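Each value in this text was obtained by applying a stated rule to the coordinates, not by laboratory testing. For clarity, every value in this text was computed on a predicted model and none was experimentally measured. Heads up, the Cβs are rebuilt from the backbone with ideal geometry, glycines too, and the neighbour counts pull from every protein chain shown.
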Amino acid sequence: MNGPVDLSNATWFKSSHSNNGGSCVEVAPDFPGLVPVRDSKDPAGPALLFPSDAWRSFVAGVQAGEFGTV
């Protein structure tokens, strides 16, 4: 990454499995090589930026049950 990423026009999505009263994370998929992630309860707050390959590995781990349940 070569400087700040402008997220002002990002289109944010949350999982279709999210139906828990709004405690969700949202992702913006249209950033080549990056996956911005934010808290849906604080859309004006900060976003974390993950490399796409790291995000794919995380999602695969969640789907495989590697992190347990809360």
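Values computed for the structure shown
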read-out: Matching entry among F50, F58 (being more than 16 Å from L7 (Cβ to Cβ) and not in a loop (DSSP other than H, G, I, E, B)); value: F58
read-out: Neighbours by Cβ (under 7 Å, 6+ apart or cross-chain): first from segment 29-58, free of Cβ contacts under 8 Å to residues at least 60 places away in the same chain and of a type in the set (S, T, Y); second surrounded by 11 or more Cβ atoms within 10 Å (Cβ to Cβ) and part of a strand (DSSP E or B); value: S40/V25; S40/E26; S52/L34; S52/V35
